[in-house]
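What follows is one structure encoded as structure tokens, with my remarks underneath.
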């Protein structure tokens with residue numbers, strides 16, 4: 001019987017292809033991560049997560065674990081611009097109470113200490129924005145919060161904490177000069193006349209240009225170490241106090257390390 005017209009079997013077809021130098025087309029397998037790479041990826045993921053947790057926990061808790069003890073007398077009248085006779089407000093003796101780990105301001109008998117900024121005269125009172133001081137740093141001892149730091153005190157502490165390592169250098173004789181003074185008139189008015197009435201408005205108008213000098217020399221032409229750099233001056237002064245006066249480069253180093261870790265994870269995942 002003639003072989004013509006007969007269907008060839010799979011074996012015959014495969015042998016024919018091999019004899020003619022061709023190979024059967026194979027379907028590529030899907031690429032999968034090796035077990036070793038998967039373990040490494042998961043391990044690094046948890047390590048980075050743990051480092052982030054430790055950073056947040058230590059930065060926001062242990063940087064300011066307790067209210068400060070007796071700070072002592074503040075005497076910074078020489079740094080006040082447009083200073084008038086209000087020594088009773090600016091150079092009072094301050095003590096802060098001790099409270100163990102209150103979670104929020106509501107857990108405290110008299111709430112948290114605050115400073116005031118951006119006053120705006122309304123119909124018979126001053127409107128304002130407020131910033132809260134960390135209750136791990138200072139706690140009000142009475143209803144009128146007389147022991148709470150004023151904005152002038154915080155600026156004074158900024159000058160002390162970030163002063164130049166060169167004790168003979170002042171901002172006036174430094175290569176880049178001085179940072180801008182911080183206007184503290186709003187905070188001063190609301191502390192002097194706590195009723196926030198027409199008397200408060202009148203006091204605010206009389207001391208509208210009351211400011212506190214920043215005595216720390218600029219590190220560069222842009223003033224990258226000044227309170228006004230990249231944010232509101234008052235906000236930066238309060239932030240520094242609340243977080244124990246951190247090195248401005250600390251956050252930069254942390255985020256560089258974090259981005260580098262994620263970059264490494266991305267590479268090995270490829």
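The values are calculated or read from the model by the stated rules, or taken from the named source; none is laboratory data. This is a predicted model, so every value here is computed, not measured. Reconstructed Cβ throughout: ideal geometry from the backbone, glycine too, with neighbour counts over all protein chains shown.
What to note about this one:
- Set 113, 179: member being within 24 Å of the chain's Cα centre (by Cα), on the phi < 0 side of the Ramachandran plot and without any contact (Cβ under 8 Å) to a residue 40 or more places away in the chain: 113
- Sole residue being at pLDDT below 90 and touching a helix residue (DSSP H, G or I) at 6+ places or on another chain (Cβ under 7 Å), chosen from 182, 268: 268
- Hits in the stretch 151-174 - residues which are without any contact (Cβ under 8 Å) to a residue 24 or more places away in the chain and in contact with a strand residue (DSSP E or B) (Cβ under 9 Å, 6 or more places away or on another chain): 166, 172, 173
- Index of the failed condition, residue 241 passing every other in (1) assigned to a loop (DSSP other than H, G, I, E, B); (2) crowded, with 22+ Cβ neighbours inside 10 Å: (1)
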